[in-house]
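Enquirer: Please find one structure pasted underneath; my questions will follow.
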Amino acid sequence: WLGQKGIVMPNHYDATDNLYVIAWGRKRAIIGEPGQLDALYRYPNGHPLVGSSQVNLTEPDLDQYPQFKDARLREVIVGPGDVLYLPAWWWHQFEQPFEDTAALNLWSRDRDQAPDSHMRDKSVREHVLADHLEESVTQLDRKDAGLVFDALANGESSPHYADVDQDKLKQAKSAMLRAAQAWQHEMTQLPGGHPKIKQSAAALVDKHLDRTHHNVIRKIYPEGWHPGVSWDLSGIAKLPRELRNRCEAAPESSPFMSICG
């Protein structure tokens with residue numbers, strides 16, 4: 001990983017353990033334990049940044065993300081020769097405020113036939129709930145799932161509310177309730193369970209819609225969005241001012257958002 005001074009890798013998590021080795025330069029790492037989906041507002045599964053937080057940790061907007069105040073985060077500075085161990089599902093954001101940097105990471109995979117991560121780690125079980133809720137709707141209608149989620153999360157204020165059949169919305173909400181109830185039942189069978197099993201299934205669904213889907217489309221397309229329009233991520237990971245003059249948008253075929261000379 002080659003990082004220019006000023007670049008930020010936004011807060012996200014990975015599903016595998018990681019040894020992050022610093023070759024030169026120093027990085028600031030902000031890390032947080034797994035789960036915390038209510039506080040860190042994870043992007044939904046169908047979004048290009050799924051697995052990342054919607055909150056800008058550098059300048060958090062507490063009006064838009066009020067539950068971020070409950071996030072549990074830590075900070076560490078790593079330099080040449082340091083090895084940072086990042087367990088799977090731990091949130092992490094890397095910043096280069098000091099100088100250009102270089103690092104490499106070593107992934108490790110679970111052994112064959114290892115128990116699922118949520119069987120071993122209670123904090124990961126919240127991710128399973130989010131996945132179940134997302135899948136319950138996409139299984140009903142994969143093509144229009146984004147519109148359905150937006151309409152459920154934002155009600156009549158959604159520009160797509162009138163475009164979604166009301167029976168479809170009822171079916172989707174019912175499917176999410178069943179998924180929440182199934183997750184609660186599964187958690188009661190596991191050692192340690194999970195604190196959220198004490199909440200009602202309706203509360204779990206409403207919180208997921210509010211934390212994950214509320215206005216997520218309009219944050220990128222304030223003038224509206226419809227299926228088939230490519231996501232514009234330029235406003236999400238904006239380049240630092242000192243880099244903007246020598247960078248341009250990468251072509252759609254590129255895995256990168258910007259190309260800097």
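Enquirer: With viscosity set to 1.567 mPa s at 4 °C, what whole-number translational diffusion coefficient in µm²/s follows for the stretch 93-185 from Stokes-Einstein and a Kirkwood radius over Cα pairs? Display every interim value, and only then the final one.
Expert: Details: Rh = 16.5 Å.
The diffusion coefficient I find is 78 µm²/s.
Enquirer: Name the most mobile residue of LEU129, LEU140, LEU40, meaning the one with the largest mean-square fluctuation, in a Gaussian network model of the chain with Cα contacts below 10 Å.
Expert: Of LEU129, LEU140, LEU40, the Gaussian network model singles out LEU140 as fluctuating most.
Enquirer: Please turn the phi angles of the stretch 162-175 into ³J(HN,Hα) values with the Karplus equation 6.51 cos²θ - 1.76 cosθ + 1.60 (θ = phi - 60°), one per residue in order, whole Hz, x for glycine and proline.
Expert: 6, 7, 9, 4, 5, 5, 5, 5, 5, 5, 5, 5, 5, 5
Enquirer: May I pose another question? Could you pull out the GluC sites (Glu not before Pro) across the stretch 98-151 that fall in loop regions by DSSP (anything but H, G, I, E, B) with no more than 14 other Cβ atoms inside 10 Å?
Expert: Numbers: sites: GLU99, GLU126, GLU134, GLU135; in loops: GLU99.
Within the stretch 98-151, the qualifying GluC sites (Glu not before Pro) (loop, at most 14 other Cβ atoms within 10 Å) are GLU99.
Enquirer: How many nm separate the modelled label positions at LEU169 and MET119, each set 7 Å beyond the Cα in the direction of the Cβ?
Expert: 4.1 nm
Enquirer: Now for a different question. In square angstrom, rounded to the nearest 10, how much accessible surface does ILE197 have for a 1.4 Å probe?
Expert: 60 Å²
Enquirer: Moving to a separate point now. With a ≥ b ≥ c the root eigenvalues of the C-alpha gyration tensor of the chain, is it rounded (a/c under 1.5), prolate (a/b larger than b/c) or oblate?
Expert: Numbers: a/c = 2.09, a/b = 1.28, b/c = 1.63.
Note, shape of the chain comes out oblate.
Enquirer: Could you tell me the accessible area of ASP121 in Å² (1.4 Å probe, neighbours in place), rounded to the nearest ten?
Expert: Answer for ASP121: close to 50 Å² accessible.
Enquirer: Between ARG178 and THR16, what is the label-to-label distance in nm when each label sits 7 Å out along the Cα-to-Cβ direction?
Expert: Between ARG178 and THR16, the simple spin-label model gives 3.5 nm.
Enquirer: Quick check on my link table: of LYS69/LYS168; LYS168/LYS207; LYS5/LYS122, which ones sit more than 27 Å apart, alpha carbon to alpha carbon?
Expert: Details: LYS69/LYS168 35 Å; LYS168/LYS207 20 Å; LYS5/LYS122 37 Å.
As for pairs spanning more than 27 Å Cα to Cα, those are LYS69/LYS168; LYS5/LYS122.
Enquirer: Further question on the same structure: Compute the acute angle (0 to 90°) between the alpha-carbon long axis of helix 145-154 and the principal axis of greatest extent of the alpha-carbon atoms of the chain; round to the nearest 10°.
Expert: With both axes taken from Cα atoms, the answer is about 80 degrees.
Enquirer: Follow-up question, since we're still on this one. Per DSSP H run of at least 4 residues, take -39500 (n - 2.57); add these up for the chain, divide by its residues and hand me the 222 nm value, nearest 500 deg cm²/dmol.
Expert: Only helices count here, giving -7500 deg cm²/dmol.
The values are calculated or read from the model by the stated rules, or taken from the named source; none is laboratory data. Quantities reported herein were computed from a predicted structural model and do not represent experimental measurements. Positions of Cβ are generated from backbone atoms using ideal geometry, with glycine treated the same way; all protein chains shown enter the neighbour counts. The protein model used for the area step is the full one, side chains on, heavy atoms only, and it has no ligands, DNA or RNA in it. Shrake-Rupley method; radii C 1.70, N 1.55, O 1.52, S 1.80 Å.
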